[in-house]
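To start, the structure under review is shown below, and the notes come after it.
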Ligand SMILES: NC(=O)c1ccc[n+]([C@@H]2O[C@H](COP(=O)([O-])OP(=O)(O)OC[C@H]3O[C@@H](n4cnc5c(N)ncnc54)[C@H](OP(=O)(O)O)[C@@H]3O)[C@@H](O)[C@H]2O)c1
């Protein structure tokens, strides 16, 4: 029986994780839940999964949840302290990191320091402080098991050969809802259009990141740290059907790919059960019905965010944290329809251009760079000098 602390339980990955737990009740037990403020769903999750500890963002949400759950044996906490306690709870074997954005960094680090294995969905954790997080994992002999479908695919493909024989890893990208849009169409793209992902049903932030291809950029940085491989050996290939989840090219010319239906329950189940595979964890792929699988190069002219992520990775230090925080800020404004789709890339570029990368030696350094970038991005947006 593997005991799980689930951070981000009310989100898309959180809910899929609980479906996996529900499907294999003899294998998993949820001991902690943490989320933002969706206490309607949290109450249902507490009643069904009976965790020992639950954490929410605000004290007011914690008070309401306590009233709703009176009579149940559960500790209900709030704030960053509460999240840290949920992430590092003594009874957990593995912590699923599925909060969105930099908010996941501190609790994920707390879980690592408490000796938990990490099933990592939150890519922003490694973008913001990848070197630091991986060093901490190495020092403590902690495993990070990727949940992101592309990284889960790479993780599986790497079992086919030796790391020294890897020539390149190839991350596939659906291309998002705007793959076929011209530059002119992109300039007029709306929030509703950006939120319609062709293949995946995900949280709003990652859905917008998929529409700008920043999601792939963040994944390139995530892959750099997870697999200890330089940016020159990571490429991106647009594959609109999202059937091949990523590939590894070996030096003898062999390409090893992982295929499956676009369903996050597959990678989640693998991260939780590794090295075992659970029966029918995700729907099976029928290749005869899948139709043609097609591939194309990403267009960095129409989707510059992907190029900015490579730039940030090459610049190193605090630049990836700045890229990620500027993106989170710009996406937040776009979700409130205060800036246009094209402004997201402009805000990120301008924030990066205003930054001198510094070394990140502590979580505090990473959070400082993150905060600086948020303020800078807000300043750029509020100045009203954006192009669109
Ligand atoms: N969705 C996917 O298919 C997918 C695939 C690969 C990787 N990922 C990555 O997984 C992460 C989660 O994505 P998602 O799509 O599941 O996002 P989501 O649906 O928006 O869910 C986000 C979760 O984080 C919680 N949360 C947000 N801000 C918080 C805060 N300050 N403190 C504590 N909890 C907070 C939310 O709680 P409330 O709802 O209660 O506010 C919710 O439980 C992201 O980093 C994403 O890039 C997602």
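Miscellaneous remarks
- Any hit, region 232-239, residues being closer than 17 Å to residue 305 by Cα and within 16 Å of the ligand (Cβ to nearest atom): yes
- The set of residues from region 283-298 being in a loop (DSSP other than H, G, I, E, B) and surrounded by 12 or more Cβ atoms within 10 Å (Cβ to Cβ) comprises 283, 285, 293, 295, 298.
- Criterion applied to 195, 191, 218 was being within 11 Å of the ligand (Cβ to nearest atom) and touching a helix residue (DSSP H, G or I) at 6+ places or on another chain (Cβ under 8 Å), and the one residue passing it is 218.
- Among the residues listed as 255, 272, the single one being over 19 Å from residue 200 (Cα atoms), surrounded by 20 or more Cβ atoms within 10 Å (Cβ to Cβ) and in contact with a strand residue (DSSP E or B) (Cβ under 8 Å, 6 or more places away or on another chain): 272
- Scanning region 187-204 for residues that are modelled with pLDDT of 95 or more, surrounded by fewer than 20 Cβ atoms within 10 Å (Cβ to Cβ) and not in a loop (DSSP other than H, G, I, E, B) yields 191, 192, 193, 204.
- Counting only residues that are outside any strand (DSSP E or B) and under 16 Å from residue 155 (Cβ atoms), region 234-266 holds 3 of them.
- Criterion (under 21 Å from residue 359 (Cβ atoms), within 10 Å of the ligand (Cβ to nearest atom) and either at pLDDT 95 or above or in contact with a helix residue (DSSP H, G or I) (Cβ under 7 Å, 6 or more places away or on another chain) (or both)) met by exactly one of 100, 125, 133: 125
- Yes/no for residue 323 being touching a helix residue (DSSP H, G or I) at 6+ places or on another chain (Cβ under 8 Å), surrounded by 21 or more Cβ atoms within 10 Å (Cβ to Cβ) and under 20 Å from residue 224 (Cα atoms): yes
- For region 69-97, taking the residues that are crowded, with 24+ Cβ neighbours inside 10 Å and within 9 Å of the ligand (Cβ to nearest atom), the one that is farthest from residue 328 (Cα to Cα) is identified as 83.
- Candidates in region 103-122 are the residues that are part of a helix (DSSP H, G or I) and in contact with a strand residue (DSSP E or B) (Cβ under 7 Å, 6 or more places away or on another chain); of these, the one that is farthest from the ligand (Cβ to nearest atom) is 112.
- Residue list for region 24-58, filter: more than 21 Å from residue 90 (Cβ to Cβ) and within 13 Å of the ligand (Cβ to nearest atom): 36, 37, 38, 39, 40, 41, 42, 43, 44, 57, 58
- Per the listing 359, 374, 349, the residue uniquely loosely packed, with under 15 Cβ neighbours inside 10 Å, out of contact with any strand residue (DSSP E or B) (no Cβ under 7 Å at 6 or more places or on another chain) and either free of Cβ contacts under 8 Å to residues at least 60 places away in the same chain or in a helix (DSSP H, G or I) (or both) is 359.
The values are calculated or read from the model by the stated rules, or taken from the named source; none is laboratory data. What you see is a predicted model; the values in this text were computed from it and never measured. Counting neighbours? That spans all protein chains shown, and the Cβs are built from the backbone with ideal geometry, glycine included.
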